[in-house]
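Only one structure is covered here, and it is reproduced in the block below.
Computed from the coordinates by the stated procedures, all read-outs in this text should not be read as laboratory data. A quick note: this is a predicted structure, and the numbers were derived from the prediction, not measured. Glycine gets a Cβ as well: all are built from the backbone with ideal geometry, and neighbour counts include every protein chain shown.
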Amino acid sequence: MDSMLQQLKQDMQTEQDLRRKRDSLETEYRGLCSRAKELAEMKQKEADDVTQLEKGGMRSFFYQVTGRLQERLEEEQQEATQAAQKYAAIQQEIQNMETTLRQVDAQMQQLTGSQQRYQQYIVQKAKRLQTQGFSGRILEVQETLQSLKEKEKQLLEQKQVLHDVQWQASRCMDSLNDAQGYGYWDMSRGGMLLSYWKQERVQEAKEQFLQLKSLLEQAKESLMVQETQMENVQESLGKIEGMKFFDIFLDNFFLDWSIQDHIQNAISQLQHLLGILEEKLHCNIEALESVRTQQKQLQTEWENCVAELEEEA
């Protein structure tokens, strides 16, 4: 049995346990801080109530007239004392939690990099034993696992980009749908106010579209969306903006109809974009599932190889 390998494995497992403990404590700590904020506000409110009764005023005068001023003041002072005690108690809990977190951090600091040391030792030992006829499969598995880990990271980043672009495109289309709704009313009833609301929604859509374009530019390589689609949306929004003055002040049915046509064109292009994003997202999820399935299978094989390695002198 390789005692060094066992020690490195134990260090790695201890570090992982500490990290899980740290995450749990951090969640609890944030909850305590949130509760402390509420208690601080309650403490201040109770203290202000006491101050108001002591200084006088309408509230103090009311209790004085009814003969309950002293009684009410004592009640408020008691409530203020209780609130202060609760606040002091949670502050103590926070201090204790901070001490515990510092202790866990110090323990983690001593074990930082244990997983890398464990894996490096396994690689080095496997290479040494290869010359003695030991299978080099563990090296192949570890290399493949590392490659899959990088691929998973890339897919997760792409997934987040897809979600961001999808959300922004939906926002833009929602504004255009609102503008289209106002446009239908404007065509049937007319009126400066309806035209103004319609143009306001178009302006919102234009601002959101600029953010969408920026996201698409950043994600150009991973998404590969045709630029002509975005150019068509931008062209339609630009034409609507150019008609804004006439739409509001010289409103007529034919102008409204033309604007509705441009709005519909922009919506159609965005719907097409959302369809592309949905398809890419589906492919991304399938690829992620495939990578994780491979990781799970290889991880089991890797653990079996490590068990064999641990028994080697």
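Annotations
- Segment 1-116 - charge dipole about Cα centre, Lys and Arg +1 at Cβ, Asp and Glu -1, debye rounded to 20: 160
- Modelled spin labels at THR300 and THR112, positioned 7 Å past Cα toward Cβ, are 3.7 nm from each other.
- Working from label points 7 Å from Cα in the Cα-to-Cβ sense, the SER214 to SER170 distance is 2.1 nm.
- Three-way shape label, segment 92-132, alpha-carbon gyration tensor, a/c 1.5: prolate
- Cα gyration tensor shape for segment 1-155, rounded if a/c is under 1.5, else prolate or oblate: prolate
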